[in-house]
1. Label the stretch 241-290 by shape, choosing from rounded, prolate and oblate, from the square roots a ≥ b ≥ c of the eigenvalues of the Cα gyration tensor; if a/c is under 1.5 it is rounded, and otherwise prolate applies when a/b is larger than b/c, oblate when it is not.
2. If you restrict to DSSP beta bridges whose two residues both lie in the stretch 314-436, what percentage is antiparallel, to the nearest 5?
3. For the stretch 268-354, what is Rg from Cα atoms divided by 2.2 N^0.38 Å, rounded to two decimals?
4. Evaluate Rg over Rh across the stretch 336-460, taking Cα atoms for both radii and Kirkwood's formula for Rh.
5. Taking neighbour counts of Cβ atoms within 10 Å as a proxy for exposure, in what order, fewest first, do 29, 317 appear?
6. Please give the Cα centre distance for the stretch 362-423 versus the stretch 249-275, rounded to the nearest Å.
7. Based on the Cβ-Cβ distance of residue 98 and residue 131, what FRET efficiency does E = 1/(1 + (r/R0)^6) give at R0 = 35 Å, to the nearest 0.05?
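The numbers here are math on the coordinates, done by the rules we state, and not lab data. Note that the coordinates shown come from a computational prediction; the quantities given were computed from them, not determined experimentally. Please note: Cβ atoms are built from the backbone with ideal geometry, for glycine as well, and neighbour counts cover all protein chains shown.
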């Protein structure tokens, strides 16, 4: 299981890195695709193709032919030539023979963008090309004038069903050329190499930027995945190793070693789990110890009355007890011990019902001053009999919602225990006052006190402080009174706690919430509910 967890953690790191890189690559491609397509590379290719075509020979041949035909009448303007029909044909034949790059479209145009030659033959001679953008590439010229030898830009062709944009690179190949008639104004001749303007697409983006972006991105991805793998191994071990120790600890505890604890280490979450495991095992150990004590106490509490009942009943059956007084004494002991067993069983049933929530408690408006005064007065006689001074001080008048009989059982038990454990001439205080939106009832005595080790367990079932300390009617105590008391107080949403110092005395405190006005009205309208 832990190995699978470690593998999953490692795989998760790698997958997260891979997915992140894929997302980054996708976003980058969308960003690049949304941008206008860069034209620099295409323009460089068009310019290089333009330089591959040499016009020197063809124009020199045309000039020589014209000079021979005209008897050198044009020598006065040796820099210029006239392109007549024959010259057009010679130029077209030359270009058709010497242009081998079929990926581009070639034009020969005048400086007014009038067509003299179209490699695809779609435009007629003297058609005009509409240029939408043009810029100089090189501003130097042979005559030091600022007439660019090269220019580039965008133009629109209408020779297709839908107008298309083309990218061009033009080169001036001849100056002062006369077209047709001898008196026509001279023009400059430009050679264009063109290609359709590329549209942004995924394939174009990948092809254009594969070397610039995607290859470094793949290299970074591989490095990132490698680093993520190493880090994931370390993180997975830091998480899985403490969990492995906890898993081993659960098997040890399952085998009965409740004292086993696991070291708290690793990442924060693993430490939290380790602390929770140690707290759990400590509580399990305490619960197990409480169960053992419960069984031991129950066994002890049942053995004593059962032994007495069995012994005295056997004496009556065997005829050993022949004297009427002895028979009466045996019967009395049997009756007292059976009554003790009955109380024990009844208390156990009540405790089980309270803890399971099956014991139905009545909810009435309880006048606390009247309830507590009655308990104090009823126990004055017992305190006098035990030669203990009982001081009752009820200084509050509040109402609470609860079961009056069960609350009377609680406070009677606390005061009765205080009287039992207070020596002759001692003092018991029974007080009540309002505190923190509730009533605080305290029962304090000057008895022998409770040892510090016994205080945390005083409310456990059948738990009794060392019986040698019980100087008064210890045989009547079965160790359930305080456990039942705590369950009743908890059922009333209250709190009970104890403070004690051996040789000084003990103080039990009970806090119960005061009945709110709305709740009081509701209970008074419906006196009782379960």
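1. On the way: a/c = 3.35, a/b = 1.73, b/c = 1.93.
Oblate.
2. Around 40 percent antiparallel, to the nearest 5.
3. Numbers: Rg = 22.5 Å, N = 87, 2.2 N^0.38 = 12.0 Å.
In units of the 2.2 N^0.38 Å rule of thumb, it is 1.87.
4. Rg divided by Rh gives 0.99.
5. Least crowded to most crowded, the residues run 317, 29.
6. When both Cα centres are located, 47 Å separates them.
7. According to the calculation, E is roughly 0.85.
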